[in-house]
1. Can you name the residue in the range 78-91 that is more than 16 Å from ligand 4 (Cβ to nearest atom) and closer than 17 Å to Cys111 by Cβ and is also surrounded by the most Cβ atoms within 10 Å (Cβ to Cβ) among such residues?
2. Taking Gly64 as the residue in question, decide whether it is modelled with pLDDT of 95 or more and either loosely packed, with under 13 Cβ neighbours inside 10 Å or among the β-branched types (Val, Ile, Thr) (or both).
3. Please pick out the residue among Lys75, Lys106, Lys59, Lys117 that is surrounded by 13 or more Cβ atoms within 10 Å (Cβ to Cβ), within 16 Å of ligand 4 (Cβ to nearest atom) and of a type in the set (D, E, K, R).
4. Identify all residues within the range 47-94 that are more than 29 Å from Ser149 (Cα to Cα) and in a helix (DSSP H, G or I); write none if there are none.
5. For the condition away from ligand 2 (no atom under 12 Å from the Cβ) and at pLDDT 95 or above, what is the one hit in Ala131, Ala51?
6. I need the full set of residues from the range 105-149 which are part of a strand (DSSP E or B) and either outside the structural domain of Leu81 (by TED's automatic domain parsing) or under 23 Å from Cys62 (Cα atoms) (or both), in order please.
7. Mind counting the residues in the range 9-47 that are within 27 Å of the chain's Cα centre (by Cα) and surrounded by 11 or more Cβ atoms within 10 Å (Cβ to Cβ)?
8. For the range 86-104, indicate whether the set of residues that are at pLDDT below 95 and either within 10 Å of ligand 3 (Cβ to nearest atom) or not assigned by TED's automatic domain parsing to the domain that holds Met69 (or both) is non-empty.
Amino acid sequence: MSWIRYRHISRLLIVTSTGFVLGLAALVAARPKTFGKYGHYRGAALEELRAREPRYAGKADCVGCHSDMGDQLAKNRHQNLSCEVCHGPMAVHSGDAKKENASVPKDDRFCLHCHEKSAARPAFMPQIVLADHGGEKCRDCHAPHAPKS
Ligand code: HEC
Ligand code: HEC
Ligand code: HEC
Ligand code: HEC
């Protein structure tokens, strides 16, 4: 009987096709509703991203009100830094300009994020070895908006 000879293959076919059908069912059940709306991803992701509140205002906003700080910064080597790279995200303050919404860095550790000697930093960046330098209170000698001491 030829059918007896191929029995092991038909079992294999049953197992793999059941797996295939179950897998397909799981795919259909788990796929987000908006998948494929605009392409090969979840369409709702765009709306979700759009609904998020921006956290950073951008330098142009800051300088619009704090032109004195903008002018000062523009005259020295910190000119290319954005305000919020030091002050932190301030979209809330920018939209509602109260002193309470503004943040000013408390200590000077953040200067070292950019200025501590590191082989990984590009050479144009001025770098210091803290142990051989003036100490941790950078502001005693350097003004953040005009850092040349
Ligand atoms: C719509 C105008 C406006 C915009 C935009 C604005 N500010 Fe202000 N900012 C103010 C005012 C007004 C104060 C309060 C001044 C006061 O009460 O002495 C203030 C206060 C501050 C303070 C606190 C000063 C202190 O003495 O504690 C910082 C720091 C500051 N702003 C930084 C920023 C940065 C950085 C941005 C950009 C993300 C920004 N501001 C955008 C108007 C603005
Ligand atoms: C290199 C980091 C850095 C950058 C860039 C920077 N700030 Fe500041 N800012 C500080 C620090 C630190 C203080 C606190 C000053 C102090 O303690 O003397 C400060 C203080 C301030 C103050 C309030 C105190 C004061 O001196 O009247 C304002 C307002 C302010 N910054 C606005 C800005 C704006 C606007 C920009 C962008 C044009 C900017 N800052 C860019 C680090 C920075
Ligand atoms: C986000 C990175 C960043 C932070 C934070 C930062 N700096 Fe700088 N700093 C720079 C860059 C970039 C330059 C200039 C490099 C160039 O000339 O292209 C610079 C230049 C300097 C110089 C050389 C000034 C000169 O005219 O020779 C000093 C000093 C300095 N920073 C001190 C500080 C101090 C103090 C703080 C903290 C209050 C600080 N920096 C925070 C990026 C940073
Ligand atoms: C006791 C004073 C003093 C203190 C505190 C101090 N510095 Fe300096 N720093 C100087 C002097 C002086 C120079 C050389 C003149 C200049 O370039 O401003 C200098 C130069 C620098 C330079 C430029 C180096 C170069 O190769 O061009 C950087 C960056 C710097 N300091 C960052 C810092 C940081 C970050 C802190 C805090 C961790 C700090 N400094 C604390 C006095 C000081």
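1. Taking the range 78-91 as the starting set, the residues that turn out to be more than 16 Å from ligand 4 (Cβ to nearest atom) are 82-84, 87-91.
Still in the list and also closer than 17 Å to Cys111 by Cβ: 82-84, 87-88.
Numbers: Ser82: 14, Cys83: 22, Glu84: 20, His87: 16, Gly88: 15.
Result: Cys83.
2. Values: modelled with pLDDT of 95 or more: yes; either loosely packed, with under 13 Cβ neighbours inside 10 Å or among the β-branched types (Val, Ile, Thr) (or both): yes.
For Gly64, the condition - modelled with pLDDT of 95 or more and either loosely packed, with under 13 Cβ neighbours inside 10 Å or among the β-branched types (Val, Ile, Thr) (or both) - is met.
3. Numbers: Lys75 fails: surrounded by 13 or more Cβ atoms within 10 Å (Cβ to Cβ); Lys106 fails: surrounded by 13 or more Cβ atoms within 10 Å (Cβ to Cβ); Lys59 fails: within 16 Å of ligand 4 (Cβ to nearest atom).
The unique qualifying residue is Lys117.
4. First, the residues of the range 47-94 that are more than 29 Å from Ser149 (Cα to Cα): 47-57, 91-94.
Correct list: Glu47, Glu48, Leu49, Arg50, Ala51, Ala91, Val92, His93, Ser94.
5. Details: Ala131 fails: at pLDDT 95 or above.
After ruling out the rest, the residue left standing is Ala51.
6. So the first thing to find is which residues in the range 105-149 are part of a strand (DSSP E or B), and the list is 116, 128, 143, 146.
Of everything in the range 105-149, those that are part of a strand (DSSP E or B) and either outside the structural domain of Leu81 (by TED's automatic domain parsing) or under 23 Å from Cys62 (Cα atoms) (or both) turn out to be Ala143, Ala146.
7. Within the range 9-47, the first condition is being within 27 Å of the chain's Cα centre (by Cα), and the residues that meet it are 32, 34-47.
Okay, now just the ones that are also surrounded by 11 or more Cβ atoms within 10 Å (Cβ to Cβ), so 32, 34-38, 41-46.
Number satisfying all stated conditions: 12.
8. Within the range 86-104, not a single residue is at pLDDT below 95 and either within 10 Å of ligand 3 (Cβ to nearest atom) or not assigned by TED's automatic domain parsing to the domain that holds Met69 (or both).
The values are calculated or read from the model by the stated rules, or taken from the named source; none is laboratory data. Note that the coordinates shown come from a computational prediction; the quantities given were computed from them, not determined experimentally. Counting neighbours? That spans all protein chains shown, and the Cβs are built from the backbone with ideal geometry, glycine included.
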